[in-house]
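Please treat every number below as a calculation from the coordinates, not as lab data. Predicted, not measured: the structure shown is a model, and the values here were computed from it. All Cβ positions, glycine included, derive from the backbone under ideal geometry; neighbour counts span all protein chains shown.
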Amino acid sequence: MTPSPEKERLLVVDDSPHTLEVLQRNLTSEGYQVFAAGGVGEAIRILETTKVDLVITDLKMPKVSGIDLVRHVRENCKDTEVMTITGYPSIEGAVKAIKTGAEEYLTKPFTDVELLSAVRRTLDKLHLRRIGQTRLQKMPSVPYGIIGQSAVVRRVLSAVAKTASTSATVLISGESGTGKELVARAIHYSSARASSTFVPVNCGGIPEGLLESELFGHVKGAFTGATESRAGFFQTADGGTIFLDEISDTSLSMQTKLLRVLEDKEVYMVGASRSRKVDIRIIAATNKDLASLVRKGVFREDLFFRLNVLTVAMPPLRERGDDILLLAHNFAAKFAEEFGKATPRFSDNALQVLRNYHWPGNVRELENVVQRLVVMTDGSLIEVSDLPSLMRFSPLRETGLHRTLAEVEAEYIRNVLASVRGNKTKAAEILQIDRKTLRDKLKKTDGTSSL
């Protein structure tokens, strides 16, 4: 993390004028607003009139010690962090400072890098805690159910507003689990078609032999078992929006039929001799690079150009910064209400782990993790030890380069399955493979019976 645009306020306390001058100069040069006090009494007077983010205090001072100041800050300044420095280091002193409430403990002499690193770590923890306390209460709104305040999310919301004002085809790209359908719904429900139907279709989840009938419908007698005529998704979406998720999973033959619908706004029901007009807006989504598939000859170039009129790129969760924490708190509140439990809090260290994890399954994975935490955690505080094992540090975990590719792949598949509680459909989506491929990989992995 980097310091926020508003200068963070630091108070340095030391009975040595030289030490105060050095600390104030070094911290000011890093962009912090720094106050200085030569003793505990002066420091307390500053704290009574000035909002301070971090107090940095010497431990050994005349009259009133730094430990007493640490205790004062902890009991009187709810939204202020504290760290200690000392020229008389001892195990007993360090333990006492930490137990009293100091977040960091530095011994003199220390380098500028050590000082600035400790300050940044402490302020980062304060920042995480503030997000945890704020949760969603101070968010001005949650437009379309899209939670986030990061720059990349603001760009998505801007794109939603622009695309909603037209009826042009939209292509949403992004990794699995980033919220592509949520954005498609946002476009529909903020458009002139909002009062009409929104029909989501997972193209990869419907067998190829059934997809044409599901999309376009069929007439009675069109094939064995067609005992009556039935409308397809395109007719159901007439007047509204159809969302074709994972459009890249369709065959070249189906792509040809979809191209005809895009060009003529007409559909042919299976077995019908004439077409039917439909008034629909088409939004498509993909977790693959369609331009690359075009070059490989597995996706029609003309269909790609028809779909790629307006585009919205969904950012992966790992690029959304503090949105991870907002989402985690939102999901915790959501599932706590659903299960009739008190909403749990996340410890500072747990928030740090969530913030730094790479989230291969994106928002979907985060939601699954938080749901499990709400169900399985007994207390009111979620600690690092409650998080899935793949998120926790382990010095024994093999990360060297001596493992085979098959071993690395098997471990990753196990980790993904663990993150979605063994749900193979969701795991296949995260891994961007189909269920059959996942089953084949599991069969080749030793000990798959435990997965």
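Assorted remarks:
- For mean projected area of the Cα convex hull in nm², the candidate list reads (1) 43.7; (2) 22.0; (3) 28.6; the entry that matches the value derived from this model is (3).
- Modelled label positions at Y268 and R120, each set 7 Å beyond Cα in the direction of Cβ, lie 6.3 nm from each other.
- Rounded FRET efficiency, nearest 0.05, which uses the C-beta distance separating V294 from K334 and R0 of 41 Å: 0.55
- Rg [Å, one decimal], Dmax [Å, integer] - region 151-313, C-alpha atoms: 15.7, 54
- Potential extension, K108-S150 segment - 0.36 nm per residue separation minus Cα distance: 11.2 nm
- Taking label points 7 Å from Cα along the Cα-to-Cβ direction, H18 and R230 give a separation of 8.7 nm.
- Stretch gain in nm, segment R71-K162, where the contour uses 0.36 nm per residue and the Cα spacing is subtracted: 27.4 nm
- Simple point charges give the picture: +1 on the Cβ of Lys and Arg, -1 on the Cβ of Asp and Glu, and for the chain a dipole about the Cα centre of about 1040 debye.
- Ordering of 43-54, 306-317 by packing [mean C-beta count within 10 Å, highest first]: 306-317, 43-54
- Too-long pairs where the Cα-Cα distance tops 19 Å, listed order kept, from K7/K125; K424/K444; K78/K125; K60/K125; K257/K277: K60/K125
- Using R0 = 30 Å, the C-beta based FRET efficiency linking T256 and N415 works out to 0.15.
- Here r is the Cβ-Cβ distance between T28 and K220 and R0 is 60 Å; the resulting FRET efficiency, rounded to 0.05, is 0.15.
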